[in-house]
Structures are given as C-alpha cells and as structure tokens.
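Step one of this worksheet: look at the structure below.
The values are calculated or read from the model by the stated rules, or taken from the named source; none is laboratory data. Just so we're clear, the structure is a prediction, and the values are computed from it rather than from any experiment. For neighbour counting, all protein chains shown are included, and Cβ atoms are generated from backbone atoms with ideal geometry for every residue, glycine included. Heavy atoms of the whole protein, side chains included, go into the accessibility calculation; ligands, DNA and RNA do not. Shrake-Rupley method; radii C 1.70, N 1.55, O 1.52, S 1.80 Å.
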Amino acid sequence: MSNLQAADYITVSMARLIKDGERVFHGVASPMPAVAVQLAKKLHAKRAVYLSIPGGVDAEPSSFSSYSSADPVLREGSVSDFPLSDIFDLSARGALDVAFLSGAQIDGYGCLNLSAIGPFDKPKVRLPGGAGSAALLPTVKRGILWKTNHDKRGFVEKLDVITAAGNTEYVITPLGIFKRSEEDQRLRLYCVFPNSSVEEITENTGFVVEKHEEFEEFSPITEEELQLLELVDQKGTRYSEFK
C-alpha cells in the first residue's frame, strides 16, 4: 500500500478516533470527516450517531457526489431530522461528543484562527470567520482539528486572532497527529505518518514540538480499512481537500 496519500492517512486517523456510541458532527466543506464517520460506523463504531449540516441523523449516503457538506445526499437514509441550530444547543448542554473543525492557523494549545491574518483592524487577509467554531470548540467534549498543509504559517506559536478555543484533543495534519497533553494542555506529537518524520514535523511547525507522553508508532492502515474506505468513498471525494 505504498501509494497511500495524505488524505488516506488523515481520513483513516479521523475514523479511528471516533468511539462507538459517540455523537459526531463536522463543519462546513469537510469531505474527509464525512467519509471518516461512515468508515468508523462500518468498522468499530457501529452505534456512533452522525449529525450533519443538512440536518439528518445517521444518514448513510449512497455516494459522496459533490464536495459540499450541505449536499442533500448527506441526508440519504436519515432516521430523523435534527436541524443545525439544535446541534449548537446539544453541544452547549454537554451532549455533543465530537466535532471535526479546522482553521487557517492553529497554535500550540489547539486554538483556531478563522478571522484574519495580520492585525484584525487592518488584516493582510480577511478570512471567512468562525461560523460555528467559536460556539462548538468550547462546549464539545472532544474537538478534533485537521489541516491539509503543515507549515509554520499554519502552525504558529501565537495566533493573529483567536477565533475559537477550548476542548481540542487531537490535531491531524498530512504529516502526523498531535494530542493535547494533560500536563500543560499544550499539543504534543502523538504519532508520525509513514511519509514523514519527527524532524520534518519539527522543521515545519511554528511552536515547540515535543513528544506526547503517549507517543506511539502509527499503526499501518489495514487492508480492511482500505477496502471499506474505497467502498464508502468510491469517487475519491476525500482527495478534494487537497486540490
């Protein structure tokens, strides 16, 4: 399986982090988390509950035909309706287990910037804003963040603007996975993907990289995981995040 790509490692890692029975939600334009939820439900988390922006509960899309996380196909097979506004209420009540989110910048504590690059009043780049991140990251039980690139512009010691902060547990990148340390709440390196190294991650991260106390070797993607991944995502929608 030497032809595996970053999207495969990220998507499988996301799926592995979903626990059986958890209520799981992902943000806007999120093909990899959408695929990861379906993969997890076919593997070890059959009783996980999938909540999505279109408002379906436990949908089973026949395919991922577009790159929009608001596509009606994501409602296929839903057992019930659950509007987006109720998801924020669910999280505020402490009943949302996992939210997959992302940002332009992530700092060493797992805080997000989706607002602006540079001074907020005179930014170099005006970003789209936090949407639901500012409400979800402080209230969800486990925030799992991801980025499709790994460089010092995206992983910084200090955010230009703090859009969202709170319960980040993991951060997944094309090079590996960070996990928040219980000791000081900072992100520490949890594992490295086969296509990278500790040295490469260190060189491309703007905050100090230290190994997590639970640091482990990345478990190779299994044949079963790969076969089910191809079954769930027959059109390779997960790769769209890298185009």
Could you point to the residue in Leu226, Val192, Gly236 farthest towards the positive end of region 177-240's charge dipole, with +1 and -1 charges on the Cβ of Lys/Arg and Asp/Glu respectively? Gly236
Within region 114-145, trypsin sites (Lys or Arg not before Pro) in DSSP loop having at most 10 other beta-carbon neighbours inside 10 Å: Lys124
Based on the alpha-carbon gyration tensor of region 111-240 and its eigenvalue square roots a ≥ b ≥ c, which shape applies: rounded if a/c is under 1.5, prolate if not and a/b is larger than b/c, or oblate? prolate
So how far apart, in nm, are the two label points at Glu60 and Lys235 if each is 7 Å from Cα heading toward Cβ? 2.0 nm
Phi to ³J(HN,Hα) by Karplus 6.51 cos²θ - 1.76 cosθ + 1.60 over region 166-173, Hz, x for Gly, Pro: x, 9, 5, 10, 10, 10, 10, 10
What size of dipole, in debye to the nearest 20, comes out for the chain about its Cα centre when the only charges are +1 on Lys and Arg C-beta atoms and -1 on Asp and Glu C-beta atoms? 620 debye
Using a basic spin-label model with each label point 7 Å from the Cα along Cα→Cβ, how many nm lie between Phe88 and Ile162? 2.1 nm
Where is the GNM fluctuation largest for the chain (alpha-carbon springs, 10 angstrom cutoff): Ile106, Ile221, Ile201? Ile221
A correct Karplus calculation of ³J(HN,Hα) over region 101-111, with 6.51 cos²θ - 1.76 cosθ + 1.60, θ = phi - 60°, whole Hz and x for Gly and Pro, returns 9, 8, x, 6, 10, 10, 9, x, 10, x, 7
Given the options Ser52, Ser85, Ser133, which has the most mean-square fluctuation in a GNM of the chain, springs set between C-alpha atoms less than 10 angstrom apart? Ser85
Got a number for the accessible area of Arg186? Probe 1.4 Å, square angstrom, nearest 10. 40 Å²
Charge dipole (the chain, unit charges on Cβ, about Cα centre) - positive-most of Leu145, Ala134, Pro33: Ala134
Under the 7 Å Cα-to-Cβ spin-label approximation, Ser80 and Glu210 lie apart by a distance in nanometres of 4.4 nm
Within the chain, excluding any GluC sites (Glu not before Pro) found in a DSSP loop (not H, G, I, E or B) and having at most 12 other Cβ atoms within 10 Å, the longest uninterrupted segment runs 1-156
Near the amide H of Gln105, under 5 Å away, which other amide H atoms are found, from residues 5 or more places off or on another chain, if H is placed in the peptide plane? Asn113
Using alpha carbon centers only, region 101-145 is separated from region 173-243 by a whole-angstrom value of 20 Å
Gyration tensor verdict on region 127-180 (Cα atoms; rounded if a/c is under 1.5, prolate if a/b is larger than b/c, oblate otherwise): oblate
Could you give the length gained by full extension between Ala29 and Asp184, i.e. 0.36 nm per residue of separation minus their alpha carbon distance, to one decimal place? 52.6 nm
Which of Lys41/Lys124; Lys124/Lys179; Lys122/Lys152 exceed 32 Å between C-alpha atoms? The answer is Lys41/Lys124
